[in-house]
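Read through the structure below, which is laid out as structure tokens, and then see the notes.
Taken together, the values in this text are just the output of simple stated rules run on the coordinates, not laboratory data. For clarity, every value in this text was computed on a predicted model and none was experimentally measured. Neighbour counts run over all protein chains shown; Cβ positions are idealised from the backbone, glycine included.
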Amino acid sequence: MVGVHCVGGVTGALLTGLFASKAVNPAGADGLLLGNPGQFVTQLIATGTTLVYCSVVAFILLKIVDVTIGLRVDEDDEYAGLDLSQHGENAYTA
């Protein structure tokens with residue numbers, strides 16, 4: 001998830017600030033390569049803000065789940081394998 005959504009989203013947002021062009025979107029703004037460094041800075045700030053917000057919300061949600069039902073399975077279930085203990089099926093044949 002992180003490799004696709006986080007890295008891809010950050011890359012796309014920053015490259016938008018780099019390559020943006022009014023020729024493509026007249027209602028938009030030019031990017032860094034077309035002489036508007038402010039657009040790249042705006043994209044950088046927005047991306048950083050989004051990363052911080054998502055990290056804080058994910059941490060809060062993980063803490064809520066940890067307090068209510070826990071984040072880990074029992075040691076016996078972990079040793080037996082999650083496929084068998086949690087889903088009732090074998091992933092691999094022995």
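Computed values, structure above
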| quantity | calculated |
| --- | --- |
| Candidates T42, T47, T11, filtered to the one that is surrounded by fewer than 12 Cβ atoms within 10 Å (Cβ to Cβ) and not aliphatic (A, V, I, L, M) | T11 |
| Every pair of residues 6+ apart whose Cβ atoms lie under 7 Å, when the first sits in segment 57-84 and is touching a residue at least 12 places away in the same chain (Cβ under 8 Å) while the second is among the polar types (S, T, N, Q) | V73/S85; V73/Q86 |
